Amino acid sequence: MPETLTPEPLVQPTITGPRGRAWRCDRVAARRAHRLDRDPVVADWIVELPGLHQAFSAIHIALQHLRPLHWLDRIERAVPDASHELWIMGLDPQHRLGETVRGTGDPRRVDYCAQIFAAQLPAHTDADAITRITATITLICNGELNPIDQAQWISLFGDAMLKGAA
């Protein structure tokens, strides 16, 4: 197993594989600490992969629901039956991963250095969507999915959100 790339101590990883490890972030603690009443994120993870990219070795994966949080909210769907949205971002090497994992850092202030992928997906419940993304993170930690390979993400989740950005 590779050494932790960050100097601060982290809790035990949620998922460990030969290529990397992942931590499920304590979103409940973050909401409480930063008084986030309206937070669409249902789950997020820090995934650490030594040697991933010359600019970063950790990514943040966030899964949010597409339910309105306020009566004025307009939800835009790139996928007609989408219920959730997935974001994969490269993390600045100076970002304090442990604070994000423990929920002590402000989740509105995560230090990103690269947007890797975004997708919308249908799921019956938040738990179903979380299960699907957890399985995807296992693929990453096992070395079966390269998190910076757009083609691999597209094969899993489609390119509907990328078409609008092109």
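Could you point to the residue in His95, His53, Gly143 farthest towards the positive end of region 14-148's charge dipole, with +1 and -1 charges on the Cβ of Lys/Arg and Asp/Glu respectively? Going by the Cα projections, it comes out as His95.
Could you tell me which trypsin sites (Lys or Arg not before Pro) in region 76-166 are loop residues by DSSP with no more than 14 other beta carbons within 10 angstrom of their beta carbon? The qualifying sites are Arg77, Arg108, Arg109.
Counted residue by residue at 0.36 nm each, then reduced by the alpha carbon distance between them, the extension gain from Gln152 to Asp128 reaches 6.5 nm.
Potential lengthening of the chain between Gln12 and Ala114 amounts to 34.1 nm, from the contour at 0.36 nm per residue minus the alpha-carbon distance. Calculated on C-alpha atoms, the gyration radius of the chain divided by its Kirkwood radius gives an Rg/Rh of 0.95.
Read-outs throughout are calculated quantities, based only on the coordinates presented, and are distinct from any laboratory measurement. Being a predicted model, the structure only gives us computed values, none of them experimental. Neighbour counts are summed over all protein chains in view; Cβ atoms, including those assigned to glycine, are modelled from backbone coordinates with ideal geometry.
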